[in-house]
């Protein structure tokens, strides 16, 4: 009993060796624990649970490609803005004459189906660029999901702080 009290004092000062810490862990796992040490049992159980915890997915490293991703986002928005401006310009600047035409690369095009297909093709290209640039963001979301089990550690730390505060009050 005296030995355990000495080890606990050393443990809380941060002066125990691994062997002494294992001795404390084994003591708190056993049924031979005295009632005065029952207060510490929850703390050591929590340590055991924390050491046995594993993550569901391995944590992925965030690569230094974030500048490139940001540039892709800017490009995607720029292309979208250009395409929207073109569509808006074609719609607003349509002639007051009854004839329909579009101007592409300085050429007047009378065929409305061709102009619609061309515009649709360009909008699809912008959409593809947006989809490709969104893939890294999906990876970031997966990292966030993988970090959820780590939040349990903060809960355990809060429990430890509560135990420590209770010990200081007594």
For an R0 of 25 angstrom, estimate the FRET efficiency from the Cβ-Cβ distance between residue 113 and residue 78 and round to the nearest 0.05.
0.30
Looking only at the stretch 130-170, which residues have a backbone nitrogen under 16 Å from a spot 7 Å from the Cα of residue 71 in the C-beta direction?
133
Can you put 12, 47, 28 in order of Cβ neighbours within 10 angstrom, beginning with the fewest?
12, 47, 28
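A short reminder: the numbers here are calculations on the coordinates, not readings from a lab. Predicted model, so just to flag it, every value in this text is computed and none were measured. Quick reminder, even Gly has a Cβ in these numbers, built from the backbone with ideal geometry, and neighbours come from all protein chains shown.
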